[in-house]
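The structure under discussion appears below in the form of structure tokens.
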Amino acid sequence: MNKEKSKEIVDILKEIITNPAPELDFKNPFELIIAVVLSAQTTDKRVNIVTKELFLKYPDAKSLSMADYDTIYNIITPLGLAKTKAKNIIALAKTLDEKYLGIVPNDFESLVELPGVGRKTASVVLAVGFNIPAMPVDTHLYRMAKRLGYIKEDEDILKAEEVYKKYIPKNEWANAHHLFLLFGRYHCTAKNPLCKDCKLKIYCKYKG
Ligand code: SF4
């Protein structure tokens, strides 16, 4: 990979993905961080259905921090991993309420210390919630990084983040994240990617 090739790839992605925006519904950083934690191993569509009810009942960190575990568990059950997610979002809300006066911090180090918040979630909150340059790498971006030659097949997700950041200009990280994510979600899927008419074929190392 090099900067020129990466720019060509991103430019083609811009032609394919004409509206590179988040698909999770949220009104503020609190709703965003909860929605991202809930989005593990499910679809954004399902999360949006669940958070509509959740945020109506628990609009901020204080109310969610005092929520009853069973009630939260029942609301978020359709998303899967409900035990862990219920525990995490209540603990996350408690920490936000007690340590940050209910306000989501806008620095990476503080974010990754919050319950249930990993590197990817912290980066999404920075990039999408605060407009601070960050490159969240999820399963789609990791797959894209391998198929499009940003990293080798046996390299890990941290390497993918490092290499994306190296070859994509900092002011484009957040937008590029949406481009790769949506391309991975709807075109270059894990199984049966839409290779036939893919404009990125010349860069692609996927052997099918
Ligand atoms: S050719 Fe297929 S595997 Fe390669 S980037 Fe395009 S859709 Fe993905």
Hey, got the Cα dimensions of segment 29-129 along the principal axes, in Å, largest first? 31, 26, 21
Which value in nm describes the separation of the simple spin-label points at ASN19 and LYS205, placed 7 Å from the Cα toward the beta carbon? 3.4 nm
Could you compute how fast segment 1-57 diffuses translationally, taking Rh as the Kirkwood radius over C-alpha pairs and applying Stokes-Einstein at 25 °C with viscosity 0.890 mPa s? Give it in µm² per second. 183 µm²/s
Could you compute Rg(Cα) / (2.2 N^0.38 Å) for the chain, with N its residue count? 1.07
Along the charge dipole of segment 29-129, pointing to its positive end and built from +1/-1 on Cβ of Lys, Arg, Asp and Glu, which listed residue (GLY129, LEU64, THR42) has its Cα farthest out? THR42
If R₀ is 30 angstrom, what is the calculated FRET efficiency for the pair ASP11 and ILE157, using the beta carbon separation as r and rounding to 0.05? 0.75
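Read the figures in this text as sums done on the coordinates, not as results from a lab. What you are looking at is a predicted structure, and each value in this text was computed from that prediction instead of being measured. So basically every Cβ, Gly included, is an ideal-geometry build from the backbone, and we count neighbours across all protein chains shown.
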